[in-house]
Structure formats: structure tokens, C-alpha cells
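Working notes, beginning with the structure itself.
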Amino acid sequence: MQKYFLFLFLFCIACSSSQNKYIKAENAFDAGREFIDGTLRGDFKKSAFYMLSDSANQQLLIVQEKEFRLKDKEGRQQLRTASINIQQVEETDSITSIIHYNNSYDKIEQKLKVVKQNNNWSVDFKYSFQK
């Protein structure tokens, strides 16, 4: 009987730890900010949660994570403590926004496209690499 309860207890813990800890974005700004925060902090699961799930975006996020992991400990720590500086949010239409931003670590101007699909706001990461 004790083994049964132990199994049940462990099963419940396993199920609860797999619950999603990220909150659905209410708007384009929230989705973009959370995505950027994930990439700066090295939480690429978080970034993936706020990203459109297509093969191009997934590949780019894998490359981004590899670049993050190649940095030395100090470089990763500086990114983790960097602040996000939103320069401008362009609402191109009711379902698309472009966020212009940089971070306080490298100050490189970047842009991010956020779209609403199936009532979810998600980052289209591949847009960041278009010229």
C-alpha cells in the first residue's frame, strides 16, 4: 500500500512540474518583451513559448542559443543582467507589430516582428534577420 501511495505521490509531482510556467501574452508588446527577456537570460524555452513555431524560427533560436552558450561566463552574466530598451513599437495593423529595441549590454539596434495568430501573440523571429 505504501508503494502505491509513493508512486501516486511521485506521479503527481511529475505532472505538476510539467505544467506551463509561462503566461500567454495579452498583446504584441508583452510577447516581444518576454521573448527578448528569455533570449537575454538564456531561457530559450521561454523564448520558444513566445515564438511562432515554424522550422525557420526554431532553427534561428537554436543558433541564438548556441551563440549564447559560446560566450564566457562573464559575457552570459552581462546579458542576463542587461536591461531591455524599447525604442519604438510600430503597429502596422491590428495583428502585426514591429518592436525596435536594444539591450544595455551591447546596444545593438534590433527589430522583432510580433503577430497575432489563432488568438495568440507570437514573435516571428526570422523577421529579425531580414535586411
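Some notes on this structure:
- Selection status of Phe129, exposed (fewer than 13 other Cβ atoms within 10 Å of the Cβ) and more than 12 Å from the chain's Cα centre (by Cα): yes
- Among the candidates Asn85, Asn119, the residue that is over 15 Å from the mean Cα position of the chain (by Cα) and under 21 Å from Tyr22 (Cβ atoms) is uniquely Asn119.
- Some residue of the stretch 103-116 being in contact (Cβ under 8 Å) with a residue 24 or more places away in the chain and of a type in the set (Val, Ile, Thr): yes
- Cβ-Cβ under 6 Å pairs, at least 6 apart or on other chains, the stretch 52-65 side of a type in the set (Gly, Ala, Ser), far side surrounded by 15 or more Cβ atoms within 10 Å (Cβ to Cβ) and part of a helix (DSSP H, G or I): Ala56/Lys126
All of the numbers you see were taken from the coordinates with simple rules; none came from a lab. All figures in this text were calculated on a predicted structure; none of them were measured in a lab. All Cβ positions, even for glycine, are placed from backbone atoms using ideal geometry, and neighbour counts span all protein chains on display.
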